[in-house]
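The values are calculated or read from the model by the stated rules, or taken from the named source; none is laboratory data. Given the structure is predicted, the values throughout are model-derived calculations rather than measurements. Cβ coordinates were reconstructed from backbone atoms using ideal geometry, including for glycine residues, and neighbour counts include every protein chain displayed. We work out accessible area using only protein heavy atoms, side chains counted, and drop any ligands, DNA or RNA first. Shrake-Rupley method; radii C 1.70, N 1.55, O 1.52, S 1.80 Å.
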Amino acid sequence: MDKNSVTGLILIALIMIVWMQFMAPERKPLQDIGRQTEQVVMDALPAQAEASRAGGDEYGEFSVASKGQEQLVTVENDLYRAVFSSRGATLKSMVLKRHLDSRREEFDLVRNQDSGALSLFFLTRAGKQIDSRDLYFSTPQVETLRQISGEETTRIAYRLDLAPGKSIGVTYTFRGDSYDIGYDVTLSGFQDELAGNEFQVQWDGGLVHSEKNDDDELSNSWAAAYMGGGLLKVDASDASKTYREEQSGMAGWTAIRTKYFVASLIPSSATEGVYISGRSLKGEKFEDYTAALKFMVPNNEASVTESFRLYVGPIDYNIVKSLGVHLEKIMDFGWDWLTRPFAEYIILPMFNVLKTFTHNYGLIIIIFALLIKLVTYPLTMASTKSMKKMAALQPMLKELQEKYKDNPAKLQSELGRIYKEAGVNPLGGCLPVVLQMPLLFAMFYVFRSSIQLRQEGFLWASDLSVPDSILDFGFSIPLYGDHIALFPILMGAAVYLQQKITPQAQTNDQMKAMLYIFPVMMILFFNNMPAGLGLYYLMFNIFSIAQTWYINKTTSTEDLSVVAPEVTAPKSSVRKKKKNTKKR
């Protein structure tokens, strides 16, 4: 790698970093954007709620359902074990069978296990704020365990009767081989009963962290809604603020995610809007979120039924894309116009193809790195030849620089002439690096967020989704971290060797320093990256060394010295003239 390549790589990285900072969406604190009808009720609500509590009438006509006996039922299929409660007709627990936490133990994704995660929320015209989790529903089922497998299905139904013709019904439908849960809500007799004729179906509470690194979890946790082909997103990063987004219109889904898991509500009919909010809990490394879909209850309809699909499971690209609602947009693959296409249409499909031959993701990464090097071989060949030509021209270029050091214009003119006659592009060594950058950045995003690598081991790395630490310090070193990862060290050595055997267009002190500085920079950068990413770049550089060695062996300097006579011709002419003068 010559000076131009190194400079180009560093400049591109800096441009990308600045671009990411510049284009990052502003995180919005709590702001008053509710609709006017809702706001009138909300303004009056505190006083009314205080009066209701003083009179023991907090729930109004719903008070008859505020006391009861909770019934729990567990539904177990091939993929998860879930617990549902008659108090609120809600989900209280979700344990995924095929995904363990960082200690390789089962864990519960639902944080609000006391109250549950799912609920209906609305305001009555009497000013009562109703959350269905405060109410007890009845259910006809008496068994406490339902087990299904494969294509088997089962249902759980809940009902809350308030008065003749006035009720709330909630039904869940399960399939034995799917994370997808049917979720139907029916409101009967509520026309003209709700403030703004509106109710919300919401997931309340962030998901439990599954990884050891809470900071990494927090950086990948947020709530979002899919509207108009884009994401409406809330990331509660500041503990001193409460964040909220509320928009009217049709939503494809709303969701709350952590690094590897997501809970999403997917409507089957048009929504009136969405509401998403979040806050960072003080004293805890946890962000709490609420994500809701809004629906109307028309005045002329006695009964309204809304159907949903509830997905609580892994952020696996193949699974979430198969839902057909663009839930894969919750995955962060970088820029939609640059890196995301590489991730979705090249990297992930290639991983799927390679997985048909082996389930070892370490081998898949190695084969993928080899395929990328084979595809980019023409670029590498052109780059190496260009650098060899530049190296061959160096004596001549130095002579010109010395000769025209006081005449920059003439120097540039002569350099341009020589480059043109030699067929050399000064940026030829940098161009292949630039063309590969989108793919390399896409690899960074895929390896950082892909659940396929999670808890997959290779060689000494027990988990390719985290650094392959071979020694933990117990304290953190600035710029390096609290551990030693082996793949980055091997990669640094490979980068050093690659630079040593790569033809150098210049051999000044700066390039000699970069021979050592660049490998150290790579070690520092990759020490805290996923082991899978370190393995990929290690193998990529090893294959680059092999390619460069082969090109050096098969490309002779005779093929590159055609320009020399043309450039040195004027000197030969001068010598001949001097000889002729002496003869006379």
Please arrange Leu415, Leu72 by accessible surface area, largest first, computed with a 1.4 Å probe and ligands excluded.
-> Leu72, Leu415
Say the cut-off is 28 Å between C-alpha atoms; which of Lys212/Lys373; Lys241/Lys329; Lys97/Lys285; Lys97/Lys373 go over it?
-> Lys212/Lys373; Lys97/Lys373
Using a 1.4 Å probe and ignoring any ligands, DNA or RNA, find the accessible area of Lys405 and quote it in Å² to the nearest 10.
-> 130 Å²
By how many nm would the segment from Asp184 to Tyr377 lengthen if fully extended, with 0.36 nm per residue of separation less the alpha-carbon distance?
-> 63.9 nm
Taking 7 Å along the Cα-to-C-beta vector as the label spot, tell me the Lys403-Lys512 distance in nanometres, rounded to one decimal.
-> 2.7 nm
What length, rounded to one decimal in nm, is gained on full extension from Lys285 through to Asp177, with 0.36 nm per residue of separation minus their alpha-carbon distance?
-> 35.5 nm
Determine the gain in length on full extension of the stretch Asp215-Thr139; use 0.36 nm per residue of separation and subtract their C-alpha separation, reporting nm with one decimal.
-> 23.2 nm
Could you compute the FRET efficiency for Phe473 and Thr358, with r as their C-beta to C-beta distance and R0 at 30 Å, rounded to 0.05?
-> 0.30
Excluding residues fewer than 8 places away in the same chain, name every one of the aspartates and glutamates whose C-alpha is closer than 18 Å to that of Lys410.
-> Glu399, Glu402, Glu421
Heavy atoms of Ile319 accessible to a 1.4 Å probe, total area in Å² rounded to 10 | 50 Å²
Which value, in Å², gives the accessible area per residue of the stretch 59-331 when a 1.4 Å probe is used on the protein heavy atoms?
-> 39 Å²
Name the aspartates and glutamates eligible as straight-distance cross-link partners of Lys553: C-alpha to C-alpha under 20 Å, and not fewer than 8 places from it in the same chain.
-> Asp2
Counting other Cβ atoms within 10 Å, which GluC sites (Glu not before Pro) in the stretch 54-153 have at most 14 and lie in a DSSP loop?
-> Glu70, Glu105, Glu106, Glu143, Glu151, Glu152
Enter the accessible area of Tyr550 (Å², nearest 10), with the probe set to 1.4 Å and all protein chains included.
-> 110 Å²
